[in-house]
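Have a look at the structure below before the remarks.
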Amino acid sequence: MKKILTIFCLVLSVSAFSQMKVTKNEESKAEVIGAAKPMGVLFGQINKTDDGTCSFIYRDTEYTQTDKYELFYFNYSDLDTLYGLFTDFSDVKEGDSFTVDILKGEKLIFEYKKMLGKIYPYVTHVGSAYEKVLPYYTPKQLKKIFGKKK
């Protein structure tokens, strides 16, 4: 009985090791379109991947003591439209609100508010289980993040 139990345990242990499969992960190359790093701390960054999607990485404003970052994805073709929503206020009045559907079923809600005599977008990133607020960006920071030269 001991021999049968020993052989049974050996067979089970050998088969358990044979189920493990190791594969090499292929890294996708992400090209940095632009980044704003005041005083060396990442404030916002856009990366473009090989498949034509972009990720917008931003510092979570909920946390003031720690650096916690969130991100959302959008198509590269929507880059100029998104930049326009952040910077073009010619047809926008205080209190206007726009909702933008982005990838993975998430949304960006742009609410325009007046602060110090100028209109700024108050942007909320809405996912399936959370709502995060993007920080206020200056026009200079937005140019750096979106990779605009002039």
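General observations
- Residue match in segment 81-94 (condition: under 20 Å from Ala30 (Cβ atoms), open to solvent by 80 Å² or more (accessible area, probe 1.4 Å) and not aliphatic (A, V, I, L, M)): no
- Residue satisfying all of: in segment 93-108; charged (D, E, K, R) and either part of a loop (DSSP other than H, G, I, E, B) or touching a Leu at 6+ places or on another chain (Cβ under 6 Å) (or both); farthest from Tyr130 (Cα to Cα) among these: Lys93
- Residue that is within 20 Å of Ile57 (Cβ to Cβ), at pLDDT below 90 and open to solvent by less than 30 Å² (accessible area, probe 1.4 Å), where the choices are Lys132, Lys148: Lys132
- Thr81 assigned to a helix (DSSP H, G or I), more than 28 Å from Met39 (Cβ to Cβ) and hydroxyl-bearing (Ser, Thr, Tyr): yes
- Residue count for segment 23-77, restricted to those that are touching a residue at least 12 places away in the same chain (Cβ under 8 Å), not in a loop (DSSP other than H, G, I, E, B) and not charged (D, E, K, R): 24
- In segment 90-108, the residues that are within 12 Å of Thr124 (Cα to Cα) reach residues that are among the hydroxyl-bearing types (Ser, Thr, Tyr) and open to solvent by 60 Å² or more (accessible area, probe 1.4 Å) with C-beta atoms within less than 6 angstrom, at least six apart or across chains, in these pairs: Lys107/Thr99.
- Filter result for Glu111 (part of a strand (DSSP E or B), within 13 Å of the chain's Cα centre (by Cα) and either among the acidic types (Asp, Glu) or modelled with pLDDT under 85 (or both)): no
The values are calculated or read from the model by the stated rules, or taken from the named source; none is laboratory data. All of these numbers come straight from a predicted model, not from anything done at the bench. With ideal geometry, Cβ positions are generated from the backbone for all residues, glycine too; neighbour counts draw on all protein chains shown. Side chains are part of the model used for accessible areas, which takes the heavy atoms of the whole protein and leaves out ligands, DNA and RNA. Shrake-Rupley method; radii C 1.70, N 1.55, O 1.52, S 1.80 Å.
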